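The values are calculated or read from the model by the stated rules, or taken from the named source; none is laboratory data. Worth saying up front: this structure is predicted, and the values here are computed from it rather than measured. Every residue, glycine among them, receives a Cβ derived from its backbone with ideal geometry; neighbour counts consider all protein chains shown. What goes into the accessible areas is simple: the full protein's heavy atoms, side chains included, and nothing from ligands, DNA or RNA. Shrake-Rupley method; radii C 1.70, N 1.55, O 1.52, S 1.80 Å.
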Amino acid sequence: MIHSAIRFGAIVVLLTIIGGCTSPAPRMADTHYNIETSIPPIHYGTEATIQLTKLDMRGIQSSRALVIISDTDPIQLQERRGHYWHSAPALLLKRTISETLDSASHDIRFGTNVTMQDPDYTMDIDMRLFAFTPDVHATVEMGFVIRNQDGDIMLHDVLLKTASLDGASSLNGVHGLQSALAKALEALSARLACHVTSSKISTLSKC
């Protein structure tokens with residue numbers, strides 16, 4: 001009986017040692033996405049400077065998880081876990097929007113409060129919807145306000161753009177969001193160009 005107990009204890013110790021030497025299964029890497037887009041070149045008719053001062057993005061969409069639209073009446077948003085933006089979406093969008101507009105412009109210079117001082121105009125963006133419906137489309141809804149140095153509103157609008165998806169994967173969703181964002185920025189650029197009169201952004205435009 002004693003010998004059996006000793007043998008059993010030895011087996012337990014041996015199994016413990018072997019188990020301790022076994023390497024744990026490798027952790028599956030998460031996927032982290034960036035946001036990149038571009039729009040066609042444009043002449044605005046002024047060499048003014050516009051600073052993207054604030055980009056507001058709240059609720060579930062402000063987290064790093066991808067967001068899907070699970071229903072539309074009312075709109076229901078869900079996180080898609082396991083796939084993330086590599087940084088807070090508001091930071092990525094602020095950088096991407098300012099760089100995209102600046103790269104496309106032949107005259108107006110766009111920047112942020114990090115890259116630009118004493119701008120002629122400031123722009124605030126309210127990102128209301130930045131999500132996708134798998135297998136259907138991605139949706140970007142954003143409001144923007146442009147003010148002069150006196151704080152007067154020169155131009156404001158709400159833009160809603162969608163882009164069809166080629167599938168239900170997270171990568172399909174990211175591609176769709178980038179395409180929808182590009183459509184929104186192209187529309188913003190067209191509205192801005194239409195409101196430039198005598199080398200200034202004017203409220204007198206009829207467009």
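Go through Ile146, Ile68 for me and flag whichever is modelled with pLDDT of 95 or more, among the aliphatic types (A, V, I, L, M) and open to solvent by less than 20 Å² (accessible area, probe 1.4 Å).
Ile146
Restricting attention to the range 54-76, report how many residues are closer than 30 Å to Ile108 by Cβ and either part of a helix (DSSP H, G or I) or over 16 Å from the mean Cα position of the chain (by Cα) (or both). Outline the logic, then answer.
Going residue by residue through the range 54-76, those that are closer than 30 Å to Ile108 by Cβ are 54-58, 61-62.
From the residues that got through so far, the ones that are either part of a helix (DSSP H, G or I) or over 16 Å from the mean Cα position of the chain (by Cα) (or both) too are 61-62.
Residues in the range 54-76 being closer than 30 Å to Ile108 by Cβ and either part of a helix (DSSP H, G or I) or over 16 Å from the mean Cα position of the chain (by Cα) (or both): 2 in total.
Within the range 177-194, restricting attention to residues that are open to solvent by 20 Å² or more (accessible area, probe 1.4 Å) and either over 17 Å from the mean Cα position of the chain (by Cα) or of a type in the set (Lys, Arg) (or both), which residue is farthest from Arg95 (Cα to Cα)?
Cys194
Would you mind stating whether Val174 is in contact (Cβ under 8 Å) with a residue 60 or more places away in the chain and either out of contact with any Ser or Thr (no Cβ under 7 Å at 6 or more places or on another chain) or open to solvent by 40 Å² or more (accessible area, probe 1.4 Å) (or both)? Can you show your working first?
Values: in contact (Cβ under 8 Å) with a residue 60 or more places away in the chain: yes; either out of contact with any Ser or Thr (no Cβ under 7 Å at 6 or more places or on another chain) or open to solvent by 40 Å² or more (accessible area, probe 1.4 Å) (or both): yes.
Yes, satisfied.
Does the range 77-84 contain at least one residue that is open to solvent by less than 40 Å² (accessible area, probe 1.4 Å), modelled with pLDDT under 95 and assigned to a strand (DSSP E or B)?
yes
Considering only the range 91-119, how many residues are surrounded by fewer than 17 Cβ atoms within 10 Å (Cβ to Cβ) and in a loop (DSSP other than H, G, I, E, B)?
7
Kindly provide the set of residues from the range 120-130 that are open to solvent by less than 80 Å² (accessible area, probe 1.4 Å) and part of a strand (DSSP E or B), ordered by number.
Selection gives Tyr121, Thr122, Met123, Asp124, Ile125, Asp126, Met127, Leu129, Phe130.
Just wondering, is there one or more residues in the range 29-42 that are over 20 Å from Asp135 (Cα atoms), in contact (Cβ under 8 Å) with a residue 60 or more places away in the chain, of a type in the set (Phe, Trp, Tyr) and crowded, with 17+ Cβ neighbours inside 10 Å?
no
Please go through the range 134-185 and give me each residue that is assigned to a helix (DSSP H, G or I) and not hydrophobic (A, V, I, L, M, F, W, C), ordered by number.
Once the filter is applied, which keeps residues that are assigned to a helix (DSSP H, G or I) and not hydrophobic (A, V, I, L, M, F, W, C), the range 134-185 yields Ser170, Asn172, Gly173, His175, Gly176, Gln178, Ser179, Lys183.
Would the range 67-75 turn up any residue that is within 20 Å of Glu36 (Cα to Cα) and not acidic (Asp, Glu)?
Yes, there is a match, as at least one residue in the range 67-75 is within 20 Å of Glu36 (Cα to Cα) and not acidic (Asp, Glu).
May I ask you to list pairs of residues, at least six apart or on different chains, whose Cβ atoms are under 7 Å apart, with the first in the range 44-57 being touching a residue at least 60 places away in the same chain (Cβ under 8 Å) and under 13 Å from Leu192 (Cβ atoms) and the second being buried (at least 18 other Cβ atoms within 10 Å of the Cβ) and among the aromatic types (Phe, Trp, Tyr)?
Ala48/Tyr121; Ile50/Phe110; Ile50/Tyr121; Leu52/Phe110
Please count how many residues of the range 155-176 are of a type in the set (Ser, Thr, Tyr) and under 15 Å from the mean Cα position of the chain (by Cα).
So the answer is 2.
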